[in-house]
Amino acid sequence: MKLLIATTNRGKLGEVRSLLAGAPFELVTLEDVGAAAPEETGTTFAENAALKANAGARHARLWTLGDDSGLCVDALDGRPGLASARYDTTEERRREKLLRELADVPAERRDAHFFCALSLVAPDGKSWATTGRCDGKIAFAARGTQGFGYDPLFELPDGRTLAELSADDKNRISHRGRAFAEMVRAMLQIPELTGRSAAW
Ligand code: ITT
């Protein structure tokens, strides 16, 4: 069965592919089905994830997964939050801007979390939603080469940044990994998706 992953973000797509490795789906992308990403006009991560999944499912008439995620920094009252992808023009500029904004903020006030909302929409419009969160701190400088986006700045309690983890290790603890663990549990209860097999 085809499953449309309604994202234009390559880093996300790579993670989704490994999170769903072993699942009985042929993953297709927005590019494969000739669909554009909708405007993100929601006021919550969950609303935007649903917007993405609904738009994809309507366009392609396929089961579709939307992911809306972002970085929420306590000292910035939750920014960049929903606007994480639009905080500046490139990933590097976004990281630099975040470091500049936090230049005078001491270690004990650099708490932050990543949040991920997932929405699964069936061709008939039925939907399922899950969320996941990962807590950490914003480092004083970028470290690590794995992952994408703000990963080099996001420090875990053990001192490593998310960009210093292997892809598998990041997926085990990340906001996206947690949201997917819950979504996969929900998917396993949907007979149209699992056929007669009780597990993947
Ligand atoms: P789509 O909407 O097409 O999926 P996008 O990049 O616009 O792609 P979002 O609106 O969900 O996706 O924005 C999420 C932004 O938050 C993303 O561009 C990254 O900058 C950041 N982000 C989300 N998850 C992340 C992760 O696991 N590691 C690092 N940064 C992440």
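Quick notes
- Flag: Ala60 does not match the condition of being within 12 Å of the ligand (Cβ to nearest atom), small (Gly, Ala, Ser) and more than 15 Å from Ala129 (Cα to Cα).
- The listed residue being surrounded by 15 or more Cβ atoms within 10 Å (Cβ to Cβ), away from the ligand (no atom under 12 Å from the Cβ), at pLDDT 95 or above and assigned to a helix (DSSP H, G or I), out of Ala50, Ala46, Ala55, Ala85: Ala50
- Which listed residue, of Gly125, Gly136, is assigned to a strand (DSSP E or B), among the small types (Gly, Ala, Ser) and either modelled with pLDDT of 95 or more or open to solvent by 20 Å² or more (accessible area, probe 1.4 Å) (or both): Gly136
- Annotation note: Cβ proximity below 6 Å between a residue of segment 38-59 that is more than 22 Å from Leu27 (Cβ to Cβ) and a residue that is more than 12 Å from the ligand (Cβ to nearest atom) (sequence gap 6+ or interchain) occurs for Ala46/Ala129.
- Within segment 144-163, being among the acidic types (Asp, Glu), under 16 Å from Phe114 (Cα atoms) and more than 9 Å from the ligand (Cβ to nearest atom) holds for one residue alone: Glu155.
- Residue check for Asp74: surrounded by 14 or more Cβ atoms within 10 Å (Cβ to Cβ), near the ligand (Cβ under 10 Å from one of its atoms), among the acidic types (Asp, Glu) and within 22 Å of Phe148 (Cα to Cα): no
- Answer residue from segment 1-32, given it is among the basic types (Lys, Arg) and in contact with an Asp or Glu (Cβ under 8 Å, 6 or more places away or on another chain) and is farthest from the ligand (Cβ to nearest atom) among those: Lys2
- None of Asp169, Asp158, Asp104 is open to solvent by less than 60 Å² (accessible area, probe 1.4 Å) and free of Cβ contacts under 8 Å to residues at least 40 places away in the same chain except Asp169.
The values are calculated or read from the model by the stated rules, or taken from the named source; none is laboratory data. Everything numeric in this text was worked out from a predicted model, so none of it was measured. Every residue, glycine as well, gets a Cβ built from its backbone with ideal geometry; the counts of neighbours run over all protein chains shown. SASA here: full protein model, heavy atoms, side chains in, ligands and nucleic acids out. Shrake-Rupley method; radii C 1.70, N 1.55, O 1.52, S 1.80 Å.
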